[in-house]
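Encoded as structure tokens, the structure appears first; notes follow it.
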Amino acid sequence: MIVVAGLSHRTAPIAVRERIALPKAEIPRVLSQFVARPAIGEAMLISTCNRVELVVAGKNGPVSDLSEVGQAAVEGLSALASGVRQHLYVHEGVDAVRHLFRVASSLDSLVLGEPQILGQVKEAFETARVAGTIGGCLHRTVPRAIRAAKRVRTETQLGAGQVSVPSVAVDLARQIFGDFRGKTVVLLGSGEMAETVAKLLKTAGTRLLVVGRNEARVGVLAAAVGGEPRAWGDQPAALVEADVVITSTSAPGFVVDYDTIHGLRKKRRGRSLFFIDLAVPRDVDPKVESLSEVFLYNIDDFERVVGETRQSRAREAEHAERVVTEEMAGWERWAESTQVTPVVVALRARFGRLLHAELDKSLKGRLKHLGEEERAALETMLDAALNKILHAPTAHLRQVVTDKDFESYRVEQLMNAVTELFELDAEPVSVPSTPSRPAPAEAEGAEPSQRRATGTNGK
């Protein structure tokens, strides 16, 4: 079972979310810190403009105390920045898995049906795999979430049309001006989100200025959308010309500050300036909104714009929820089968200890004349007998826990009965640790490329 701990647009304003928004390069190091905690055995971090969520599995596999794992996750996230703990939520067990499936399927997004989140979940999974913090539990769970999201995209119309944070930004700009013709839009940033915005604006009749630090990428993007490339140092001049500025850089702090905008007011001759800040951490100093004729919108201001989108997609969301429920059923069958693992391991240990103890007695007594070859043959015979003796009860236990007509309390009674009958409580047995590099067959629902990577390197 897993635990999901984190915060999102539902629980924390952007001023809080940006405190624990991590640069991509920092995530592997932070993941290593999480799995170094005694209760956490596996970890993956989903970090987007609207959420930061830690997905973890316990170090003790199926017998982990999920409340202890959740507490460790909360403590780890709280250590990243002050003032975030009160905004954190924790989902455990089945609730955590359902939440992960819904996040990947864009059912928990600010913009319902937006496609970016699936790629972000895949990227988070790959980052954690490379960092060595993915084990058997997450390797079975996350690819199932990805498969559920793919089914939602192909079997429903939840993501039909342009639905994304960039498209909402353009809709907001359109509501402000109505007609874009003759307006100058400045894009600060030349990454994936800026590119999406630029393509949406390409046919709107705007004059588009693309400003970024990567000169080559700025040139390519500007050429692709019929815009004008500007160097990063030309930002003040571009801001003088702008009617709307859409920012989406990955800078750790403000790239547009109060003093700069205040100093440009005279050159702008009183014209209104609208900022749409898509970045987390934010690109634009919130204080600029205190200036006359300057208006600032960020991610948290999009709720009003997406309200109509949510209403129109409500029926498709219901269909998507059914897909998630179907995929959850497959995961639950696997998860339930792991409930019997401690009992099966203890049962094998109990029988094995007794049989080998008797064999040791015989080898020291009446059979002490046997050579190494004969002794090895007896060991092999005992192991084969043990497998045959325990095959039927093991198979029956695993079948019972996946039988939906067999109530959970009866499953618990059966395992308790086995434990009592064979005195398994007295057996000092630990459940084998979850492998950090599972076999390819465990990556259910993963991309073919992911399966190949898992098979060679062992996310």
**Asked** Applying the Karplus parametrisation 6.51 cos²θ - 1.76 cosθ + 1.60 with θ = phi - 60° to the phi angles of segment 103-116, what ³J(HN,Hα) value in whole Hz is obtained for each residue in order, glycine and proline being reported as x?
**Response** 5, 4, 8, 6, 8, 10, 7, 4, 9, 4, x, 5, x, 5
**Item:** Compactness index (Cα Rg / 2.2 N^0.38 Å), segment 165-303
**Value:** 0.94
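Report for the chain the percent antiparallel among DSSP-assigned beta bridges with both residues inside it, nearest 5. Mind dumping the intermediate values first?
On the way: 18 of 41 bridges.
That works out to approximately 45 percent antiparallel.
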**Charge context of residue 85, other residues only, Cβ under 12 angstrom, K/R +1, D/E -1** = 0
**Request:** Return the long-range amide H neighbours of residue 40 (sequence gap of 5 or more, or a different chain), with a cut-off of under 5 Å between placed amide H atoms.
**Result:** 59
**Item:** Cα point-scatterer Debye curve for segment 1-119, base-10 log of I(q)/I(0) at q = 0.13 Å⁻¹
**Value:** -0.46
**Message:** Name the residue from 30, 154, 279 whose Cα lies farthest towards the positive end of the charge dipole of the chain, charges +1 on Cβ of Lys and Arg and -1 on Cβ of Asp and Glu.
**Reply:** 279
**Message:** Positive end of the dipole of the chain, charges at C-beta (+1 Lys, Arg; -1 Asp, Glu), about the Cα centre: which of 240, 119, 81 has its Cα farthest in that direction?
**Reply:** 240
**Complete:** Note, segment 175-189: 3J(HN,Hα) by Karplus (6.51, -1.76, 1.60, θ = phi - 60°), whole Hz, Gly/Pro = x, goes 5, 5, 10, x, 10, 7, 4, x, 8, 9, 10, 9, 9, 9, x
**Message:** Taking the beta-carbon count within 10 Å as an exposure proxy, list 8, 250 from fewest neighbours to most.
**Reply:** 250, 8
**Neighbour-limited loop hits for trypsin sites (Lys or Arg not before Pro), segment 132-231 (at most 16 other Cβ within 10 Å; DSSP other than H, G, I, E, B)** = 181, 202, 213
**Request:** Can you spot the lysines whose alpha carbon is less than 21 Å from residue 59's alpha carbon? Ignore those fewer than 8 places along the same chain.
**Result:** 459
**Item:** In Hz, Karplus ³J(HN,Hα) per residue of segment 291-302 (6.51, -1.76, 1.60; θ = phi - 60°; x = Gly, Pro)
**Value:** 7, 5, 6, 10, 10, 10, 10, 10, 3, 6, 8, 7
**Request:** Using every Cα-Cα pair within the chain, state what percent have a distance larger than 41 Å.
**Result:** 33
**Request:** For residue 6, enumerate residues with amide H under 5 Å from its amide H, sequence gap 5+ or separate chain, H modeled in the peptide plane.
**Result:** 54, 89
**Prompt:** Dipole of the chain, Cα-centred, from +1 at each Lys and Arg C-beta and -1 at each Asp and Glu C-beta, to the nearest 20 debye?
**Reply:** 1120
**Request:** Could you pull out the pairs from 150/199; 122/183; 267/287; 266/287; 24/150; 183/267 whose alpha carbons sit more than 26 Å apart here?
**Result:** 122/183
**Message:** What's the magnitude of the charge dipole for segment 2-161 around its Cα centre, counting Lys and Arg as +1 and Asp and Glu as -1 at the beta-carbon? Answer in Debye, nearest 20.
**Reply:** 320
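A short reminder: the numbers here are calculations on the coordinates, not readings from a lab. Predicted, not measured: the structure shown is a model, and the values here were computed from it. Positions of Cβ are generated from backbone atoms using ideal geometry, with glycine treated the same way; all protein chains shown enter the neighbour counts.
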